[in-house]
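Participant: Next up is a structure, given as structure tokens.
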Amino acid sequence: MTDKRVDLAGPGIGDYKKIAQDLPDDYQALLSPMDRMKAVFAIKNYIEAHLCKELNLQMVQVPLIVDKDSGVNDYLDRDGSRTPVEFPCGLGLDTPLQAQVVQAATKWKRMALHQFACKVGEGICTDMRAVRKDYFLDHDHSAYVDQWDWELAIKPEDRTLDFLKNIVNRIWKVIRGAGQLVQDLYPPLKTSNYPDFPEKLTFFHAEEILDLYPDLPRKQRETRILLDHAPAVFIIGIGWPLKDGYPHEMRAADYDDWATETIFKNGEQYHGLNGDILVWNPVTKRRHELTSMGIRVTKQTLKLQLKMSDQEDFLSLPYHRAIINDRIPLSIGGGIGQARTFMYLLRTAHLGEVTVSIWPKVLKDICAKKNIHLLE
């Protein structure tokens, strides 16, 4: 049996020799660098406008840096393996502020719903930029991250899987619509070399995928579900330990609710009100994550998840106290990877073709040999 622990915390440590084998040898970009940039901004404008219309959101400003002591920064998982960039700032202060570059705006957004006085059914969307220094840098993981981070205020009775699925389907409608738009604007993107974007998502709970592939680790299970069952899926229930003792993937304890009991099937209780949209990427021939999202924790599930994660000391931080004391609304939210979405819709082999970041020489050399030209 393959070790299931190796990929629980997201990207993990990769292998550039394997990346050299996996990236396509016969790659030819469908658009020139300039046309790609025009298409990127066409997608960006479409998604921002239609996501806001579909979910009743308003674009707002979002922080790049936050106060370390606020508890607002996103730690991405719960094993402490990915830490934010941190620095003192404030010239002339006796005690400088301790600033952190955000890793995502997940927790800030929920507090911002209160700041912007959002009522139930109203929400915000952000053009978020972040730095994640502890990623292994490959074709679809970058130290520089851009996301449409969004959040929507909800009622207690909205905290159901049916409500989550409805929101997920509306997001997929927007993403697919953006793909159709750029194909119309740039006909070379509509090619028989690649299948069209799937019309619908298929929903699976992480426990169901484990039942199908009990001996495989998480990433291999995701690959098989995309190849064997559907090219676009939403995986429900990421964070709670599955029947084999491992979570599908490590997930932070203080935003998505992965502890609430949901489906009862074949005598087993499934958990979780969160999940990920994954697609099969026909260019890289690999699984491709576009977005993570979920209904957010209540004060009860926050306490439970922090206890399970041995992070109960977080309860003293301002963000966590705001949840405990009912000062911020119940909500649902997520982050849609911008560069990941551009890469998928524009049929590129590497993030570096649609965004500018830094890459190790070994990766740039691999790409150059394969006719993959990265922006610098």
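Participant: What is the spin-label model distance, in nm, from Ala117 to Lys133 if the labels are put 7 Å beyond Cα along the C-beta direction?
Facilitator: 4.0 nm
Participant: Let me ask something else. Ranked from highest to lowest mean number of other Cβ atoms within 10 Å per residue, what is the order of the peptides 318-325, 104-111?
Facilitator: Top to bottom by mean Cβ count within 10 Å: 104-111, 318-325.
Participant: Sort Lys173, Lys200 by heavy-atom solvent-accessible area, probe 1.4 angstrom, most to least.
Facilitator: Heavy-atom accessible area, descending, gives Lys200, Lys173.
Participant: Follow-up question, since we're still on this one. On alpha-carbon atoms, Rg over Rh for region 321-376 using Kirkwood Rh?
Facilitator: Taking Rh as the inverse mean 1/r over Cα pairs, Rg/Rh reads 1.33.
Participant: Running Debye on region 142-202 with equal point scatterers at the Cα sites and no solvent, what base-10 log of I(q)/I(0) appears at q = 0.14, 0.22, 0.30 Å⁻¹?
Facilitator: Listed by q, the Debye log ratios stand at -0.63, -1.01, -1.21.
Participant: What ranking do 18-29, 186-197 get when scored by the average of other Cβ atoms within 10 Å per residue, highest first?
Facilitator: In decreasing order of mean packing, 18-29, 186-197 become 18-29, 186-197.
Participant: Tally up the carbon and sulfur contribution to the accessible surface of the chain as a whole percent, 1.4 Å probe, everything protein left in place.
Facilitator: 54 percent
Participant: Still on this structure: Relative contact order of the chain, please, whole-number percent, based on alpha carbon pairs below 8 angstrom and at least 6 residues apart.
Facilitator: 22 percent
Participant: Let me ask another. No solvent, one uniform scatterer per C-alpha: report log10 I(q)/I(0) for region 137-295 via the Debye equation at q = 0.10 1/Å, two decimals.
Facilitator: Log10 I(q)/I(0), no solvent term: -0.40.
Participant: Let me ask you something else. Please compute the per residue accessible area over the chain with all protein chains in place, 1.4 Å probe, rounded to a whole number of Å².
Facilitator: About 43 Å² of surface per residue is accessible.
Participant: I would also like to ask the following. Assuming R0 = 30 Å, what is the FRET efficiency of Asp228 and Lys370, from their Cβ-Cβ distance, to the nearest 0.05?
Facilitator: Result of the calculation: an efficiency of 0.60.
Participant: Between Asp67 and Leu185, what's the calculated FRET efficiency when r is the beta-carbon distance and R0 is 35 Å? Round to 0.05.
Facilitator: 0.25
Participant: What's the magnitude of the charge dipole for region 87-163 around its Cα centre, counting Lys and Arg as +1 and Asp and Glu as -1 at the beta-carbon? Answer in Debye, nearest 20.
Facilitator: Dipole size: approximately 240 debye.
Participant: Same structure, new question: Rg and Dmax in Å for region 33-125, alpha carbons only: what are they?
Facilitator: Final numbers for Rg and Dmax: 17.1, 51 Å.
Participant: I want to verify the translational diffusion coefficient of region 91-191 in µm²/s; compute it with Stokes-Einstein, Rh as the Kirkwood radius over Cα pairs, at 25 °C and 0.890 mPa s.
Facilitator: The estimated diffusion coefficient comes to 142 µm²/s.
Participant: Given a 10 angstrom Cα cut-off, can you work out which residue in Pro247, Pro96, Pro198 is the most mobile in a GNM of the chain?
Facilitator: In this elastic network of the chain, the residue with the biggest mean-square fluctuation among Pro247, Pro96, Pro198 is Pro96.
Participant: Full-extension gain between Ile263 and Lys243, please, as 0.36 nm times their residue separation minus the C-alpha to C-alpha distance.
Facilitator: Full-extension gain reported as 5.8 nm.
Participant: Same structure again: Semi-axes of the equivalent ellipsoid of the chain: what are they in whole Å, largest first, if each equals the square root of 5 times a C-alpha gyration tensor eigenvalue?
Facilitator: So the equivalent ellipsoid measures 31, 25, 22 Å along its semi-axes.
Participant: Length gain on complete extension for the stretch Lys38 to Glu157, per 0.36 nm per residue less the alpha carbon to alpha carbon distance?
Facilitator: 38.6 nm
Participant: Would you list which lysines come within 27 Å of Lys119, measuring only between C-alpha atoms, while excluding same-chain residues fewer than 8 positions from it?
Facilitator: Filter leaves Lys44, Lys53, Lys107, Lys109, Lys155, Lys165, Lys173, Lys299, Lys303.
Participant: How many percent of Cα pairs in region 222-281 exceed 19 Å?
Facilitator: 36 percent
Participant: Looking at Met34, Ala49, Pro24, which one has the Cα that reaches farthest to the positive end of the dipole of region 15-65 (charges on Cβ: Lys, Arg +1; Asp, Glu -1)?
Facilitator: Sorting the options by dipole projection puts first Ala49.
Participant: Another one. For Thr95 and Ile324, what is the calculated FRET efficiency with R₀ set at 45 Å and r taken between the beta-carbons, to the nearest 0.05?
Facilitator: Result of the calculation: an efficiency of 0.95.
Participant: How big is the equivalent ellipsoid of region 257-330 along its three axes, where each semi-axis is √(5λ) from the Cα gyration tensor, reported in whole Å from largest to smallest?
Facilitator: Square roots of five times the eigenvalues give 29, 18, 12 Å.
Participant: Under 16 Å Cα-Cα from Lys219, which lysines qualify once same-chain neighbours fewer than 8 residues away are excluded?
Facilitator: Lys4, Lys18, Lys285
Participant: Additional query: Hey, can you rank 134-144, 32-42 by average C-beta count inside 10 Å, highest first?
Facilitator: Answer by packing, highest mean first, reads 134-144, 32-42.
Participant: I would also like to ask the following. Protein chains only, probe 1.4 Å: how do Asp310, Asp149 rank by accessible area, largest first?
Facilitator: Greatest to least solvent exposure: Asp310, Asp149.
Participant: What's the local net charge at Asn371, with K and R +1, D and E -1, over the other residues with C-beta under 12 Å away?
Facilitator: So the environment of Asn371 carries a net charge of -1.
The values are calculated or read from the model by the stated rules, or taken from the named source; none is laboratory data. This is a predicted model, so every value here is computed, not measured. Every residue, glycine as well, gets a Cβ built from its backbone with ideal geometry; the counts of neighbours run over all protein chains shown. What goes into the accessible areas is simple: the full protein's heavy atoms, side chains included, and nothing from ligands, DNA or RNA. Shrake-Rupley method; radii C 1.70, N 1.55, O 1.52, S 1.80 Å.
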